[in-house]
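The structure appears below as structure tokens.
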Amino acid sequence: MKVAITGATGFVGSLLVQRLHEKGHKIVVLTRNTTFAQKVFPSEAFSNLEIVAYTPNKSGSWQSVIANCDGVVNLAGEPIGEGRWTPERKQEILNSRKLGTQKIVEAIVNANPKTAVATTGGTPTTRGLPTVLINASAIGYYGTSETATFDETSLSGNDFLAQVCQAWEAEARKVKDAGVRLVILRFGIVLGNGGALGKMIPPFKLFAGGPIGSGRQWFSWIHVEDLVSLILQALTKPEIEGVYNATAPNAVRMADLSQALGQVMNRPSWLPVPGFAIEALLGDGAIVVLEGQQVLPKRTIETGFEYKYPNLQSALRQILN
């Protein structure tokens, strides 16, 4: 396949590029910073990769490269867990997903013009490329709860993150107007050498680790290797379509996560981080770590997807060792 990827230099995207490269696929990296992308993916190591400059929120010549790709993976979006959620920051978080997806879909639809022409037998004519869009979303779609359980059929929440996910997914669904297969993956908290876990490890190394907030909030997670495998499955299996939760089958409470992390690192987990300290640092953005949701990957499991890391302990051991 030839696959275009946004967010390719990020935590998940860079591993996805590596796996696609190992499997012999061609890759188009759509990036705002070509210099940085060239450092992440040097040409001598990634001979089957093309780097294309793009402006996520604007139409442009970059959109023409999508017409030659078999599939598109849209991972781009401003980080939600960094810095205070000022009104300006919240608008950036929303626009990076809503408008960025809008322009990706625009490019795909333009590459797949709908035709009313039919053969004499009455069957529809074939269309062009791409044939599939894999679009990221997040489990923030469901809102937060300490008691409810959510799967792909659950209704959306009504807080800011839920509204962002709704707008994000609504733009992605417009690609179906061109008859393109759409897979929306609602990411849980991704664990690996970076991301949220990377911020939790330093305090534990200093014997100062512990649960954040009450410790009772749910932590729905997925190992980055499993997430990338799920994306690859969605790209290559035409029967996979619609919404899937990209979470491990065993969500945990924050207190359990902290205890497991301490055990794997051979460190105590005794110093809780009070909620007010996180709120002082992040403002409204504290909801990302102080509140959570128990999300089950019901449809994902039904596809036959096999998790390499279904349990937290094995995932943490692999990452930290």
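The values are calculated or read from the model by the stated rules, or taken from the named source; none is laboratory data. Bear in mind that the values here come from a model prediction, so they are computed numbers and not experimental data. Positions of Cβ are generated from backbone atoms using ideal geometry, with glycine treated the same way; all protein chains shown enter the neighbour counts. Side chains are part of the model used for accessible areas, which takes the heavy atoms of the whole protein and leaves out ligands, DNA and RNA. Shrake-Rupley method; radii C 1.70, N 1.55, O 1.52, S 1.80 Å.
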Are there helices (runs of 4 or more DSSP H) fully within the range 252-299 with at least 1 residues that are within 20 Å of the chain's Cα centre (by Cα) and under 26 Å from residue 84 (Cα atoms)? List them. 287-290
Can you name every residue in the range 166-179 that is surrounded by fewer than 22 Cβ atoms within 10 Å (Cβ to Cβ) and of a type in the set (A, V, I, L, M, F, W, C)? 167, 170, 178
Scope the range 37-50; condition over 21 Å from the mean Cα position of the chain (by Cα) and either open to solvent by less than 60 Å² (accessible area, probe 1.4 Å) or not basic (Lys, Arg) (or both); matching residues: 38, 42, 43, 44, 45, 46, 47, 48, 49, 50
Please determine whether any residue of the range 134-145 is more than 18 Å from residue 219 (Cβ to Cβ) and touching an Asp or Glu at 6+ places or on another chain (Cβ under 7 Å). yes
Working only within the range 277-317, note down all residues that are surrounded by fewer than 16 Cβ atoms within 10 Å (Cβ to Cβ) and either among the polar types (S, T, N, Q) or in contact with a Gly (Cβ under 8 Å, 6 or more places away or on another chain) (or both). 303, 311, 313, 314
Flag if residue 104 is farther than 24 Å from residue 233 by Cβ, modelled with pLDDT of 95 or more and of a type in the set (Val, Ile, Thr): no
Taking the range 37-59 on its own, how many of its residues are among the small types (Gly, Ala, Ser) and in contact with a helix residue (DSSP H, G or I) (Cβ under 7 Å, 6 or more places away or on another chain)? 2
Quick check: is even one residue across the range 215-229 at positive phi, surrounded by fewer than 20 Cβ atoms within 10 Å (Cβ to Cβ) and either modelled with pLDDT of 95 or more or basic (Lys, Arg) (or both)? no
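Yes/no matrix, rows are residues, columns are (1) in contact with a Gly (Cβ under 8 Å, 6 or more places away or on another chain); (2) surrounded by fewer than 18 Cβ atoms within 10 Å (Cβ to Cβ):
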residue: 193; (1), (2): no, yes
residue: 209; (1), (2): yes, no
residue: 234; (1), (2): no, no
residue: 253; (1), (2): yes, no
residue: 261; (1), (2): yes, no
The condition of being out of contact with any strand residue (DSSP E or B) (no Cβ under 7 Å at 6 or more places or on another chain) and either at positive phi or modelled with pLDDT of 95 or more (or both) holds, among 24, 81, 13, only for 24
Residue satisfying all of: in the range 17-35; without any contact (Cβ under 8 Å) to a residue 60 or more places away in the chain and open to solvent by less than 30 Å² (accessible area, probe 1.4 Å); nearest to the chain's Cα centre (by Cα) among these: 17
So which pairs qualify, if the first residue must be in the range 250-268 and of a type in the set (S, T, N, Q), the second must be part of a helix (DSSP H, G or I) and surrounded by fewer than 16 Cβ atoms within 10 Å (Cβ to Cβ), the Cβ gap must be under 8 Å, and the two must be at least 6 apart or on different chains? 263/313
Within the group 55, 9, which residue is without any contact (Cβ under 8 Å) to a residue 60 or more places away in the chain, part of a loop (DSSP other than H, G, I, E, B) and closer than 24 Å to residue 199 by Cα? 9
When residue 102 is run through (1) exposed (fewer than 15 other Cβ atoms within 10 Å of the Cβ); (2) farther than 15 Å from residue 29 by Cβ; (3) in contact with a helix residue (DSSP H, G or I) (Cβ under 7 Å, 6 or more places away or on another chain); (4) of a type in the set (S, T, N, Q), the failure sits at (1)
